[in-house]
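Only one structure is covered here, and it is reproduced in the block below.
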Amino acid sequence: MKPFELLANHGHERLAFHHDEATGLRAIIAIHSTVLGNALGGTRRWAYSEEAEAIHDVLRLSEGMTYKSAAADLPMGGAKSVILAKPGQAATEAEARAMGRFVDTFGGTYIAAEDVGVTPQFVDWMAGETQHVMGGDLVSHGGDPSPFTALGCFNAMKACLKHLGKKVDFAGLTVAVQGVGATGFRVAKLCREAGATVLATDTNAANLQRAVKELGVQATDANLLATKCDILSPCALGGTLDARTIANLKCSIVCGTANNQLAHPIDDGARIKKTGVLYGPDFIVNSGGLIRLAGLYIGLTEQQVDQKITHIEQTTTAVLKEASGLPSTYEAAVSYAKRRIEQGRTNRRTTAAAY
Ligand code: NAD
């Protein structure tokens, strides 16, 4: 596809490719929107099977970040970066530093953080080269965002239960968690602590065993997406909900931390609504980590950050209500976010006109 068509398709502002000869780093940064402000979005490190897959991933993830920031009422835009790793290739400090230098060329328009395949250690290495990175333990700020993402997801689950007229009492509920990594483990923990039975799968046997041992979750070999449960919580990679998997769902609610859960957001969003399953829109449900890192970056206090993460329940409730007259809860969430972006654009124009 032609580069400018690629940008125009979903309203992206910039797509930048970087190759660092010394380390072999190959990375892409996509900035979807800076209408509401500079853009924070994680760096995903993944062995993509082809370059086109990486470009597709960075474009859709960065667009999602714009909606996530706007819906969370943050003065931030949306961006994301990806590193094209080789299969089995371990991350190194030299690679992270090269990525940090790439991020720094954006002068703060893009602020990096961790995502799948990137640890707080990697982020701290990046911070050796740029101030515009969040989520490290030592050098950069904020630490691992996943506990906050998980807490936000748990708050959104409460909103989903209330929306269906159910009591918010996890005792007696069965929650099925797909992927018990950084976020899924904590979602499972919160659900277990609240009294739920938790079923879990993970392609990483060690992660699954840890959840069984430490949380008392039930590991299952069954196809989790088609397992009878109250809440299905996709906490692994995106794209799991498509025509086939939606037709087999046996839950009342889908509410998880994974980004881009709907393979085809418009069609699959409408499809899931028709089945009667309530879908908690991913970028509202999983906004806790962004709220934490972006909030600290822009100077919010810990208390203000915590309040915003608690508020995810109200935001989810508002979006679910708006969805009653729309084809899907996903479309309601996008329109909720877009209203905030349009308001920001209008404010910009008004400010510019005043000078
Ligand atoms: P993670 O890598 O720590 O955990 C993902 C887990 O899913 C791993 O244990 C992995 O083995 C497992 N997994 C992968 N494929 C699977 C499959 N097909 N079935 C079952 N398990 C599978 O990642 P994470 O940080 O927990 O992120 C999970 C999802 O949440 C991602 O989509 C990420 O983009 C999204 N997310 C994360 C955060 C955050 O704060 N970390 C914030 C927002 C969104």
* Structure fact -> One would report the antiparallel percent of DSSP beta bridges in the chain, rounded to the nearest 5, as 30 percent
* Overall Cα dimensions of region 213-289 - principal axes, largest extent first, Å -> 39, 30, 18
* Accessible-area order (highest first, 1.4 angstrom probe) of the listed residues THR257, THR203, THR317 -> THR203, THR317, THR257
* **For TRP125, solvent-accessible area (1.4 Å; no DNA, RNA or ligand), Å²** => 70 Å²
* Asked: Whole-Hz Karplus ³J(HN,Hα) for region 83-97, in order, using 6.51 cos²θ - 1.76 cosθ + 1.60 and θ = phi - 60°, x for Gly and Pro?
  -> 10, 8, 8, 8, x, x, 6, 6, 6, 10, 4, 4, 5, 4, 5
* Using the Cα atoms as the points, what is the convex hull volume per residue of region 110-252 in Å³? -> 130 Å³
* To do: Report in % the part of the accessible area of the chain that belongs to carbon and sulfur, leaving out ligands and nucleic acids; probe 1.4 Å.
  => 52 percent
* If you place +1 on the Cβ of every Lys and Arg and -1 on the Cβ of every Asp and Glu, how big does the dipole about the Cα centre of region 1-71 come out, in debye to the nearest 20? -> 240 debye
* Among the trypsin sites (Lys or Arg not before Pro) in region 203-278, which ones are in a DSSP loop with at most 16 other Cβ atoms within 10 Å of the Cβ? Mind listing them? => LYS228, LYS250
* Asked: GNM, the chain, Cα, under 10 Å: largest mean-square fluctuation among ALA91, ALA150, ALA236?
  -> ALA91
* **the chain, helix-only ellipticity at 222 nm - DSSP H runs n ≥ 4, -39,500 (n - 2.57), divided by all residues, nearest 500** => -14000 deg cm²/dmol
* Asked: Using the Kirkwood formula over every pair of different C-alpha atoms, what hydrodynamic radius in Å results for region 18-131?
  -> 13.9 Å
* To do: Could you tell me whether region 185-327 comes out rounded, prolate or oblate from its Cα gyration tensor? Rule is a ≥ b ≥ c as square roots of the eigenvalues, rounded for a/c under 1.5, then prolate if a/b exceeds b/c, otherwise oblate.
  => oblate
* Heavy-atom accessible area per residue - region 1-119, 1.4 Å, Å² -> 42 Å²
* **Too-long pairs where the Cα-Cα distance tops 25 Å, listed order kept, from LYS167/LYS338; LYS2/LYS273; LYS189/LYS338; LYS308/LYS338; LYS228/LYS308; LYS68/LYS166** => LYS167/LYS338; LYS2/LYS273; LYS189/LYS338; LYS228/LYS308; LYS68/LYS166
* Structure fact -> Using alpha carbon positions and the Kirkwood radius, the Rg to Rh ratio of the chain is 0.96
* Structure fact -> Using alpha carbon positions and the Kirkwood radius, the Rg to Rh ratio of region 116-164 is 1.23
* Structure fact -> Scalar couplings 3J(HN,Hα) for region 101-108 by Karplus 6.51 cos²θ - 1.76 cosθ + 1.60 (θ = phi - 60°), nearest whole Hz, x for Gly and Pro, are 5, 5, 4, 5, 5, 7, x, x
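The values are calculated or read from the model by the stated rules, or taken from the named source; none is laboratory data. All of these numbers come straight from a predicted model, not from anything done at the bench. Here Cβ is always computed from backbone atoms with ideal geometry, including for glycine, and neighbour counts include all displayed protein chains. With ligands, DNA and RNA removed, areas are computed over all heavy atoms of the protein, side chains included. Shrake-Rupley method; radii C 1.70, N 1.55, O 1.52, S 1.80 Å.
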